[in-house]
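Colleague: Just dropping this structure here.
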Amino acid sequence: MTSYPGNSNPDDVSQSEEAFQRLLLELSRAAFQSSDPRQLIHSFCVLSRAFFRASGAYYWTRSTDGELVGAEADAVDAESFRGIRRRAGDVSLAMDAVEQRRAFFVNYLDAARYPWLAACRAHAGLAAPLLVSGEVVGAVTYLKSEPDSGFDDDAVVKVTILSAQLGTALEALRLNQLSREEHRRASILVEVA
C-alpha cells in the first residue's frame, strides 16, 4: 500500500517516512555512482517525482545574471521546458522560491497568475530553492495536474531536505572535478620538470 504524506493514520505516516528514507538512500546511491551532473539531476527528477506523485518534476539552474533556466525535467513537457528562462520579477513558482529562499506549495493554482502552469494543466505546485554554501544556484518545482490533488506542509519539509541533498551532491561533483583537474595539471608539471 502506498501512502500520501500528511495522512493522519500513524501507519500511513510511518510508511511515508519509510518511503522517504528509501528515496534518500536511492538519491545517495545515484550521487555516489554518477560523475555527470546532468545524469544526477535527471535521476533526482525521476525519483522525487515518483515520491511526490507529481505529474512533473523540474530542475532550474540559476545563471550568473540571476535568471532561472529550465535545465532538466521528468514530465511530458520536458523537451519544451529545457531552455525556458525566468527573470527576477517574473511570475514563477521557481523564481518565488529563489527570491524567498524557502520552499512552499500552492494548491489550486490561479491560471491567470501562472499562465505557463495553466498551459501544463497544473492544479498544484511545490517549489524549493537549491542552495550551495548559502548561495542560491537553482530551484526545483513539482506540479500536480490531477484535480483535487495537492501538496502539504510535510511535502515542504521533504522537498527542503531533498533540495539540500541535491545541492550537496552537485557541489561534491564539482569539487571532485576540480580536484581531478588539479591532479592532472600537477602530473603535467611533474612530467615537464
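Colleague: Residues being over 18 Å from Ile161 (Cβ atoms) and over 13 Å from the mean Cα position of the chain (by Cα): count how many of those fall in segment 96-145.
Modeller: Of the residues in that region, 24 qualify.
Colleague: Kindly evaluate Val136 against the criterion of being touching a residue at least 12 places away in the same chain (Cβ under 8 Å) and assigned to a helix (DSSP H, G or I).
Modeller: On the way: touching a residue at least 12 places away in the same chain (Cβ under 8 Å): yes; assigned to a helix (DSSP H, G or I): no.
It is false that Val136 is touching a residue at least 12 places away in the same chain (Cβ under 8 Å) and assigned to a helix (DSSP H, G or I).
Colleague: Please give the helices (runs of 4 or more DSSP H) falling wholly within segment 18-121 in which 1 or more residues are among the β-branched types (Val, Ile, Thr).
Modeller: Correct list: 37-52, 93-100.
Colleague: What are the residues in segment 146-180 that are more than 17 Å from the chain's Cα centre (by Cα) and farther than 15 Å from Phe52 by Cβ, if any?
Modeller: Across segment 146-180, the qualifying residues are Pro147, Asp148, Arg174, Leu175, Asn176, Gln177, Leu178, Ser179, Arg180.
Colleague: Further question on the same structure: In segment 62-77, how many residues are open to solvent by less than 30 Å² (accessible area, probe 1.4 Å) and touching a Cys at 6+ places or on another chain (Cβ under 7 Å)?
Modeller: Of segment 62-77, the ones open to solvent by less than 30 Å² (accessible area, probe 1.4 Å) are 66-73, 75.
Subset that is touching a Cys at 6+ places or on another chain (Cβ under 7 Å): 72-73.
Residues meeting the conditions: 2.
Colleague: Here is a further query. Among the listed residues Ser80, Ser34, Ser28, Ser8, which satisfies the condition of being open to solvent by less than 30 Å² (accessible area, probe 1.4 Å) and either modelled with pLDDT under 90 or farther than 20 Å from Leu131 by Cβ (or both)? If you could, list the steps in order and put the result at the bottom.
Modeller: Numbers: Ser80 fails: open to solvent by less than 30 Å² (accessible area, probe 1.4 Å); Ser28 fails: open to solvent by less than 30 Å² (accessible area, probe 1.4 Å); Ser8 fails: open to solvent by less than 30 Å² (accessible area, probe 1.4 Å).
Exactly one of Ser80, Ser34, Ser28, Ser8 is open to solvent by less than 30 Å² (accessible area, probe 1.4 Å) and either modelled with pLDDT under 90 or farther than 20 Å from Leu131 by Cβ (or both), namely Ser34.
Colleague: Here are some residues: Asp110, Asp90. Which one is of a type in the set (Asp, Glu) and either touching a residue at least 40 places away in the same chain (Cβ under 8 Å) or open to solvent by 70 Å² or more (accessible area, probe 1.4 Å) (or both)? Before the answer, list the steps.
Modeller: Values: Asp90 fails: either touching a residue at least 40 places away in the same chain (Cβ under 8 Å) or open to solvent by 70 Å² or more (accessible area, probe 1.4 Å) (or both).
Only one candidate qualifies: Asp110.
Colleague: Just wondering, is there one or more residues in segment 172-189 that are modelled with pLDDT under 90, touching a Leu at 6+ places or on another chain (Cβ under 9 Å) and outside any strand (DSSP E or B)? Spell out the reasoning first.
Modeller: Just the residues of segment 172-189 that are modelled with pLDDT under 90, to begin with: 172-189.
Then drop every residue that is not touching a Leu at 6+ places or on another chain (Cβ under 9 Å), which leaves 173.
Still in the running and outside any strand (DSSP E or B): 173.
Checked segment 172-189: at least one residue is modelled with pLDDT under 90, touching a Leu at 6+ places or on another chain (Cβ under 9 Å) and outside any strand (DSSP E or B).
Colleague: Just to be sure, is Gln100 modelled with pLDDT of 90 or more and open to solvent by 70 Å² or more (accessible area, probe 1.4 Å)? Don't jump to the end; show me each part of the working.
Modeller: Working: modelled with pLDDT of 90 or more: yes; open to solvent by 70 Å² or more (accessible area, probe 1.4 Å): yes.
Yes: the conditions hold for Gln100.
Colleague: Test Asp74 against the stated conditions and say whether it is at pLDDT below 90 and acidic (Asp, Glu). Let's see the steps before the verdict.
Modeller: On the way: at pLDDT below 90: no; acidic (Asp, Glu): yes.
Answer is no for this residue.
The values are calculated or read from the model by the stated rules, or taken from the named source; none is laboratory data. Quick caveat, the model's predicted, so the values are computed rather than measured. As a convention, Cβ positions derive from the backbone with ideal geometry for all residues, glycine included, and neighbour counts pool all protein chains shown. Surface areas here come from the heavy atoms of the whole protein model, side chains and all, with no ligands, DNA or RNA. Shrake-Rupley method; radii C 1.70, N 1.55, O 1.52, S 1.80 Å.
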